[in-house]
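Engineer: Structure provided below as structure tokens; questions to follow.
Here, each number is a calculation from the coordinates, and none is a lab measurement. Values in this document were obtained by computation on a predicted structure and should not be read as measured data. Methodologically, a virtual Cβ is constructed for each residue, glycine included, from the backbone with ideal geometry; neighbour enumeration extends over all protein chains shown.
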Amino acid sequence: MTEQDDIDKLIRQMADELRARLEAARIGDALMVGIHTGGLWVARRLHRLLGLEQPLGELDISFYRDDFSRIGINPQVRPSRLPVSVDDRHILLVDDILHTGRTIRAAMNELFDYGRPASITLAVLGERSGRELPIQADVVGRHFDLGEHEHVKLSGPEPLRLSIVEAP
């Protein structure tokens, strides 16, 4: 089995778990939103597998981050695109890797600037230790046990590839 097969399998498992959650909660019209860049790549695949009716939304949270001094400003800021109102809508928020929780906090801040969702379900391809904020994913493809100076990186969009890299 190749790494690509593994990623495809993880995403199919995530789609199955999201489908079960939506059915159990009787949610028929969820809006999926992917966080640029890796989260959007994963969201595109999940959106297709789930056959969601609403178009896929996109968030670029660059201006919502609280750690500019540490990571710098993203040089490729893209516009966010939410195809429908988020008011009273069930949101499926998708990111690639959950680490500190700061990206998700920024994404939720931006979503609330657009309106008040009924709920937000967080799905991530991978998660690792090192949380700085009390945020956890509802659906996780894979848990990573990494050293203090290691990070998980998703490259893509075709093919999607996960790699462990040393922090700069």
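Engineer: Using the Cα centre of the chain as the reference point, and only Cβ charges (+1 on K/R, -1 on D/E), how large is the resulting charge dipole? Debye, rounded to the nearest 20.
Structural biologist: Working: 21 positive and 27 negative charges, 47 e Å.
Charge dipole, the chain, about its Cα centre: 220 debye, nearest 20.
Engineer: Compute the distance from the alpha-carbon center of the range 75-106 to that of the range 132-151, in whole Å.
Structural biologist: Each part's Cα centre sits 17 Å from the other's.
Engineer: So, how do all the Cα-to-Cα distances of the chain break down into 5 Å bins, in percent, from 0 on up?
Structural biologist: Spelled out per bin, shortest first, that is 2, 8, 18, 23, 22, 16, 8, 3, 1.
Engineer: Let me ask another. Where Lys and Arg each count +1 and Asp and Glu each count -1, what net charge lies around G156 among other residues with Cβ under 11 Å from its Cβ?
Structural biologist: Details: positive: R44, R45, K153, R161; negative: D96, E158.
Residues close to G156 contribute a combined charge of +2.
Engineer: Filter the chain for me: DSSP H helices, axial length by Cα at least 15 angstrom, mean Kyte-Doolittle hydropathy not below 0.0. List them by residue number.
Structural biologist: Counting only whole DSSP H runs, the qualifying helices are 38-50.
Engineer: Moving on. Name the residue from P157, L22, V124 whose Cα lies farthest towards the positive end of the charge dipole of the chain, charges +1 on Cβ of Lys and Arg and -1 on Cβ of Asp and Glu.
Structural biologist: Final value for the positive-end residue is L22.
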